[in-house]
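Okay, structure first, notes after.
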Amino acid sequence: MNNKYRPYTLIAELTYRCPLHCPYCSNPSDLAEYGKEIDTDTWIRVFQEAEELGVIQLNLTGGEPLLRDDLELLVERARRLDLYTNLITSGVPLTFERLTRLRERGLDSVQISIQSTRGAVSDRLAGTPAFNRKLDAMRWATSLRLPLTLNVVLHRENIAEIEEFIALAEHVAADRLELANTQYLGWALKNRHALLPTREHIKWARTVAAEAKTRLRGRMEVVFVTPDYYTEYPKSCMEGWGRRFIVVNPEGLALPCHLAHTIPGLQFERVTQHRLADIWRRSSGFNRFRGEEWLPDPCRTCDRRAIDFGGCRCQAFHLMGDAGLPDPACTLAPGHHVIESARAQAGRSVSIPVLFEHRTGLGHSSR
Amino acid sequence: MNYATVRPRLSEKVRLRFDRRTDRYLLLYPETGLELNETATAIVRLCTGEWTIDEIVDHLIRSYGDVSRGEISRAVREFLAILADRGLLQGAA
Ligand code: SF4
C-alpha cells in the first residue's frame with residue numbers, strides 16, 4: 001500500500017480521434033481503436049474514484065475531446081464532484097452553441113492550441129484549414145467569460161513568431177499563454193535536427209517572453225518553458241513519477257504520464273478492471289520510479305533530487321536505452337553528451353523545412 | 001491598491017473548494033491552485049467586490065482580536081498582492 005502520494009490532477013484522454021491530420025501524430029487513429037474507447041459510465045466512475053483519491057483538477061483531452069458526444073454529460077458530472085474542469089482542445093469541431101452548453105454545464109476553463117499565427121502555415125501544419133475556426137473558438141471563450149489558455153508548442157520553425165503569439169493572445173484576451181518548447185520524444189525526437197532551436201533562438205525568445213510577462217502581470221499569465229536541451233538540469237517531469245498526476249488513456253489504461261506505457265518492462269492496469277485507488281497505490285508501474293529508492297547515481301546524493309526527481313524517465317529511455325538512468329538533459333548525468341551533440345547539430349544546421357508537426361492538446365506539453 | 005476605495009473581487013476563473021483531505025480551502029484556477037490557511041480563507045471570502053480593503057481589515061480585526069491592526073493589514077496587503085500577481089483579482093492590473 002502506498003498512501004504517501006496524492007494525485008491532484010487527472011488527465012482524461014477521452015479519445016484518440018481527431019479532425020486534424022498532423023501527419024506524424026503519435027496517436028493511433030484507425031477506426032479499430034475507436035471501438036476500444038471506454039464508455040461514459042466508466043469515465044464517470046473514474047472521475048468519482050479520482051476525486052475520492054484527492055484529485056481536484058480534471059483535464060479533458062484527447063485526441064480531440066469535442067468528438068465525444070457525451071462531453072456535456074462528462075463535464076456536468078465532473079462539476080458535480082467539484083472538480084476544476086479544463087477542456088484541452090484544438091478548437092476545431094466547435095460551435096458557439098456547444099461551448100455555451102459546456103459552460104452552462106460547469107466547464108471551468110478551456111485551452112486551445114495553435115501551431116502558428118500565420119493562418120496558412122498553421123493550416124499546412126495541421127493539414128486542414130483550421131486557423132480561423134480556432135480564432136472563433138478563442139473569441140467565443142472570452143465572450144462567454146470562460147478563462148482561456150492559449151497553448152503554443154515552440155520549435156525552430158515557429159519560434160520567430162513569438163511576438164505574434166503574444167500579440168494574438170492579447171488580442172483574444174487570453175488569461176494565460178503557454179509558450180512551451182517541444183519535448184523531444186516520439187516523432188519530435190526523430191525530427192530533432194529540424195526542430196530544435198539554437199541557443200540564440202532560445203535566448204531571444206526567453207527575453208521577449210520575460211518582457212511580456214512583466215508587462216502583462218495580473219492580466220495575462222505568460223509561461224515560457226525552455227527546452228531541457230538548454231537548461232542545466234532536467235525538468236521535474238510530471239512533477240515526479242506517480243506523484244501528482246494520473247493519466248487515463250482512451251482505452252482505460254492508467255498511467256503516470258501519457259507515454260509511460262512506451263517504456264518496455266513496466267506493467268500498467270486498466271480502470272475497467274481495477275479501482276483507481278488500487279492502481280494508484282499498488283500498480284508496479286506507478287511504484288517503479290516513485291520516491292527515492294530507485295534513484296541512480298549521481299541523483300541518489302544530489303541536492304536537486306527532491307526538485308527534479310532525476311528528470312524524465314521517457315527521455316532516459318529514448319536517449320539512453322534505460323528508463324532507470326538519470327535524464328541525460330542533466331549536465332551531471334553520464335549520458336549528457338547526447339544532448340550536447342544534438343545542441344551542436346542544431347547550431348550547425350540551416351533551416352530545414354519541417355515536415356513533421358506535433359499534435360498538441362495532449363495536456364502534457366507544458367509539463 | 002487604494003485601501004479606502006478598491007473593492008477586491010475574485011476573478012471569475014477561480015473557484016473556492018473545501019478539501020476534506022487537509023481540512024483547508026483551496027483556491028483553484030487553471031492548471032493549479034493555492035492552499036489557503038484560515039486567514040487567507042477569511043480574506044478570500046471577503047473578496048466579493050462589496051468591501052474595501054480597509055473594511056476587510058476591520059472584519060478580520062473583529063475575528064482575530066488579539067492581533068494588531070498593523071499586522072493584519074500587512075497580511076491582507078501581502079495576500080492581495082499574491083492574488084493580483086496571479087491574475088486572481090478582477091481588474092487589479
Ligand atoms: S544528478 Fe539527478 S537529481 Fe541531480 S540535477 Fe541531475 S538529474 Fe537531477
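The values are calculated or read from the model by the stated rules, or taken from the named source; none is laboratory data. Remember, predicted model here, so these are calculated numbers, not experimental data. Note that each Cβ is placed from the backbone with ideal geometry, even for glycine, and that neighbours are counted across all protein chains shown. Areas reflect the complete protein model, heavy atoms only, side chains present, ligands, DNA and RNA absent. Shrake-Rupley method; radii C 1.70, N 1.55, O 1.52, S 1.80 Å.
Here is a list: A:Leu179, A:Leu189. Which entry is aliphatic (A, V, I, L, M) and surrounded by 24 or more Cβ atoms within 10 Å (Cβ to Cβ)?
Within the list A:Leu179, A:Leu189, the selection yields A:Leu179.
Looking at segment B:65-74, is at least one residue modelled with pLDDT of 90 or more and of a type in the set (A, V, I, L, M)?
Among the residues of segment B:65-74, not one is modelled with pLDDT of 90 or more and of a type in the set (A, V, I, L, M), which makes the answer no.
Filter segment A:287-308 down to residues that are away from the ligand (no atom under 15 Å from the Cβ) and without any contact (Cβ under 8 Å) to a residue 60 or more places away in the chain, then give me how many there are.
1
Those residues that are within 14 Å of chain B (Cβ to nearest Cβ) and either touching a helix residue (DSSP H, G or I) at 6+ places or on another chain (Cβ under 7 Å) or among the small types (Gly, Ala, Ser) (or both), I need them from segment A:89-112; list them, please.
The answer is A:Thr89, A:Gly106, A:Leu107, A:Ser109, A:Val110, A:Ile112.
Is there a residue in segment B:40-52 that is over 21 Å from B:Phe18 (Cα atoms), exposed (fewer than 13 other Cβ atoms within 10 Å of the Cβ) and without any contact (Cβ under 8 Å) to a residue 40 or more places away in the chain?
No: segment B:40-52 contains no residue that is over 21 Å from B:Phe18 (Cα atoms), exposed (fewer than 13 other Cβ atoms within 10 Å of the Cβ) and without any contact (Cβ under 8 Å) to a residue 40 or more places away in the chain.
Quick check on my filter: what residues within segment A:34-48 are surrounded by fewer than 20 Cβ atoms within 10 Å (Cβ to Cβ) and in contact with a helix residue (DSSP H, G or I) (Cβ under 7 Å, 6 or more places away or on another chain)?
Across segment A:34-48, the qualifying residues are A:Thr40, A:Ile44.
Inside segment A:240-298, can you point out the residues that are under 15 Å from A:Glu49 (Cβ atoms) and open to solvent by 40 Å² or more (accessible area, probe 1.4 Å)?
Once the filter is applied, which keeps residues that are under 15 Å from A:Glu49 (Cβ atoms) and open to solvent by 40 Å² or more (accessible area, probe 1.4 Å), segment A:240-298 yields A:Arg270, A:Thr272, A:Gln273, A:His274, A:Arg275, A:Asp278, A:Arg281, A:Arg282.
Could you identify the single residue in B:Arg7, B:Arg74 that is more than 14 Å from every other protein chain (Cβ to nearest Cβ), surrounded by fewer than 14 Cβ atoms within 10 Å (Cβ to Cβ) and farther than 18 Å from A:Asp82 by Cα?
One residue alone meets the criteria, B:Arg74.
Can you tell me which of B:Gly33, B:Gly87 is buried (at least 18 other Cβ atoms within 10 Å of the Cβ) and in contact with an Asp or Glu (Cβ under 7 Å, 6 or more places away or on another chain)?
Exactly one residue qualifies, and that residue is B:Gly87.
What number of residues within segment B:10-30 satisfy the criterion of being in a strand (DSSP E or B), open to solvent by less than 20 Å² (accessible area, probe 1.4 Å) and under 23 Å from A:Asp175 (Cα atoms)?
Residues flagged as in a strand (DSSP E or B), open to solvent by less than 20 Å² (accessible area, probe 1.4 Å) and under 23 Å from A:Asp175 (Cα atoms) within segment B:10-30 amount to 5.
Take B:Arg21 and decide whether it is among the basic types (Lys, Arg) and more than 9 Å from every other protein chain (Cβ to nearest Cβ).
No.
If you go through segment A:214-227 one residue at a time, do you hit one that is of a type in the set (Asp, Glu), modelled with pLDDT of 90 or more and away from the ligand (no atom under 16 Å from the Cβ)?
yes
Of the residues that sit in segment A:67-88 and are assigned to a helix (DSSP H, G or I) and open to solvent by 10 Å² or more (accessible area, probe 1.4 Å), which one is nearest to the other protein chains (Cβ to nearest Cβ)?
The extreme case among them is A:Arg79.
I need a count of the residues in segment A:203-235 that are open to solvent by less than 50 Å² (accessible area, probe 1.4 Å) and within 20 Å of A:His337 (Cα to Cα).
Total meeting the criteria: 8.
Restricted to segment A:309-332, and to residues that are surrounded by 23 or more Cβ atoms within 10 Å (Cβ to Cβ) and within 6 Å of the ligand (Cβ to nearest atom), which residue is farthest from the other protein chains (Cβ to nearest Cβ)?
A:Pro326
Taking interchain pairs and intrachain pairs at least six residues apart, which have beta carbon atoms under 6 angstrom, with the first residue in segment A:41-58 and under 20 Å from B:Tyr29 (Cα atoms) and the second polar (S, T, N, Q) and crowded, with 23+ Cβ neighbours inside 10 Å?
Note: pairs meeting the criteria are A:Gln57/A:Thr9; A:Leu58/A:Thr85.
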